[in-house]
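Report on the following structure.
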Amino acid sequence: MKRAAPGVLLALLLAGLYVLAAKRVAGAAGFPLDDAWIHARLARNLSEGGGLAFNAGEPAAVSSAPLWTLLVYLPAAAGVPFPWASFLAGALLAGALPVLAFRLVQRAVGDRSAAWFSALLLAGTHPMPWSSVSGMETPLAAALVAATLLAALSARPGASLVLAGAAGLARPELVLLPVFVLADVLWRERALRRPRVVGLAIGALLAGIAPFAVNRALAGAWLFSSFAAKVGRHGMLAALLEGRADAVPSVMATNLPLYLAALVKALGRDNAALLLLVPIGLWRLAAGRGGSHLPWMVFVLLPCFMAVLAPFGGPEFHEQRYIGPLVAVMVLAGCVALAALPPFLKRPAARLPLMALIAALSVPGAWTAARRYAIEVKNITEMQVTVGRWLAERPGGPGTIATNDIGAIGFLTRAPILDLTGLASPDAIPYLRRPPPAGSRNRGWNGASESGLVDFMRERRPGYVAVFPAWYPGRSFHESLGAEVFRVTLEDNLICGDRTMIVYRPSWNGARGRLGGSLRQAWRPHGRGRPARRRRIGAGRRRGPFPGGCVPGGRPGQSRGRRGSARPPRRGASAASPGPPGASGPRGSGDCPAGWPGIPPGHGRAPRAAASTRPPTGGARGSPRRPRAAGRNPPGHKPHRGRPRGATNATHAITRTHS
């Protein structure tokens, strides 16, 4: 066990360096994903006696990793504040991974040097350092998969099934793990008696349904809300649920090769040498009397099922958040392969340089991930955290808030949240899935109906609405939300769904428009009585082979399409600013982390910057006039096609200097 200590120390050291890098760039410790704040709010509500619910009294299966939420709850209940409670849980798991790697490799091949090397390598290969301080469930899922493999190699099928059932509570796709464990036992021990086979089958069935049963007991639903809100819209499961069985062959023929190609590219970027050694290592783990077929099943079959059944985000999505267990298997199999190399490569003169080369290939990935981590924390802090703090400071409280990014806004405001994606508000899903009129299509994120969302919000009447404009490109949708009261624009967006977030103050008693509640006041004229130039809020869709118009295989924050990359923001643009009604934000690219189905559509051109924050009063300079009623222009009026006279560059509530 002492030989795994260097790996544990390396994991903790890298976690600390990542946090320090984020504090240096962002000014404070934080999370690189808004989803981590969802776990934080759930854990805080649980520690305060509100149950595992995002909104008090509204049970919903918001967390797709309830075991991680329960693990974060323990330090939160002890009084550890966020984000440090999540960091503590992640650091403990990051320290457990090298120990599991050491024991697994030592048991598989009996080579202490290869086991020691696996502990170091697993601690330092991306995405493990990033995930340990991400506030997300990736290290827990990787640790449970490694523990399941260790139990399988130790010929303990009962423990393997228990750990596999727990893994399904850490990542939804790991509900397939008990099936793999059962298949592995039946493959290796073909002479099993019927009672033992029946017992193993019942155990696998119980382990497989355990995540659904726990979710039912905690949240009142069998399926995670993420399936209905996001994942269930794509892949074979979506085709079968919608009665389109004829689309299954095309889904398999298209998704499988594209997903696997992107997966190989991502793993090769992490460590190409380990990827080349994986076949040898998987063969060595399956060979022999005490071998197991479970490692190659996890590494080969699991991504195939992920690609075909319900793909979402792709392998690179959220810094390889969904393929963390596969990276762990790659590292373990690659280190096992070192013990299966020809004898002349096992000599110290040849083995030490080979280990040094393999370790050196993991350094660039971990180094660049640290830089991205710092920028991602900065993005979340400057956008979602800033909006959440601004809303929390409203006199009398913000009331109910409708938003499409519920994490930090919900955590900081403690207000009731209407989730416009349907994750925390399942009753919004029928409105999101409203079919479009004949001859048109739904243009909202993930195929959402913008008119349905407006009707949903009109029924629930939130006090504020905070949205990414590129997710809902329809102009009438934004007109229906009333006056724009706050906006945040990022100059170096890497992880947020759009580089601009706008906060609206709706007036649900206003006049009804094309979407049933369009407020014409949102487009008032300003400057010498001339109307403000109407600019389309949102963006055109990028063209691509998948829903959402994205291209698979992109890095986080990367978008590719026929329009190319976006222009840099204009001078004078700042991180956050309140804007006039109807103003739109600086031009720039959105975020298409991996280009897989389910990524927000319309990420190509974001809105332009507001030209002025002058109140919509009109009149000559120095002599404000009474506001003219919105609507038609006076007879003979010629619209002004440039900047209104007297308009100046936007003045901003928050000004930041970006490097």
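Ranked by the mean number of other Cβ atoms within 10 Å per residue, highest first, peptides 403-412, 420-429 order as 403-412, 420-429.
Shape annotation for region 1-149: C-alpha extents along the principal axes are 54, 36, 23 Å, from largest to smallest.
Quick one: go through region 271-291 and flag any residue whose amide nitrogen is under 17 Å from the point 7 Å out along the Cα-to-Cβ line of Arg107. So the set is 282, 284-291.
Site pair Ile202 and Val264 shows an inter-label distance of 4.5 nm when each label is modelled 7 Å from Cα along Cα→Cβ.
With a simple spin-label model that places each label point 7 Å from the Cα along the Cα-to-Cβ direction, the separation between Ala350 and Leu301 comes to 3.5 nm. Listed by chain and number, the aspartates and glutamates whose alpha-carbon sits under 18 Å from that of Lys23, ignoring those within fewer than 8 places in the same chain, are Asp34, Glu376, Glu382, Asp492.
Stretch Ser250-Trp508 to full length: gain in nm at 0.36 nm per residue minus the Cα-Cα span? Before the final figure, lay out the partial values.
On the way: separation 258, 0.36 × 258 = 92.88 nm, distance 4.45 nm.
Roughly 88.4 nm would be gained on extension.
Model label points for Arg461 and Ala213, set 7 angstrom from Cα along the Cα-to-Cβ axis, are 4.5 nm apart. Charge dipole (Cα centre; +1 on Lys/Arg Cβ, -1 on Asp/Glu Cβ; no other charges) of region 393-479 amounts to roughly 140 debye.
Based only on the alpha carbon positions, what is the Kirkwood hydrodynamic radius of region 103-244, in angstrom?
Working: mean 1/r = 0.0582 Å⁻¹.
Hydrodynamic radius (Kirkwood, Cα only) of region 103-244 equals 17.2 Å.
For Phe31, Phe82, Phe344, give me the order by solvent-accessible area with a 1.4 Å probe, most accessible first, ignoring ligands, DNA and RNA. Each step should come with its number before you reach the end.
Working: Phe31 0, Phe82 35, Phe344 125 Å².
So, going from the largest accessible area down, we get Phe344, Phe82, Phe31.
In the context of the full protein assembly, Thr254 retains an accessible surface of approximately 60 Å², using a probe radius of 1.4 Å and ignoring ligands and nucleic acids.
The values are calculated or read from the model by the stated rules, or taken from the named source; none is laboratory data. Worth saying up front: this structure is predicted, and the values here are computed from it rather than measured. Methodologically, a virtual Cβ is constructed for each residue, glycine included, from the backbone with ideal geometry; neighbour enumeration extends over all protein chains shown. Ligands, DNA and RNA are stripped out before the accessible areas are found, and what is left, the full protein with its side chains, is counted by its heavy atoms. Shrake-Rupley method; radii C 1.70, N 1.55, O 1.52, S 1.80 Å.
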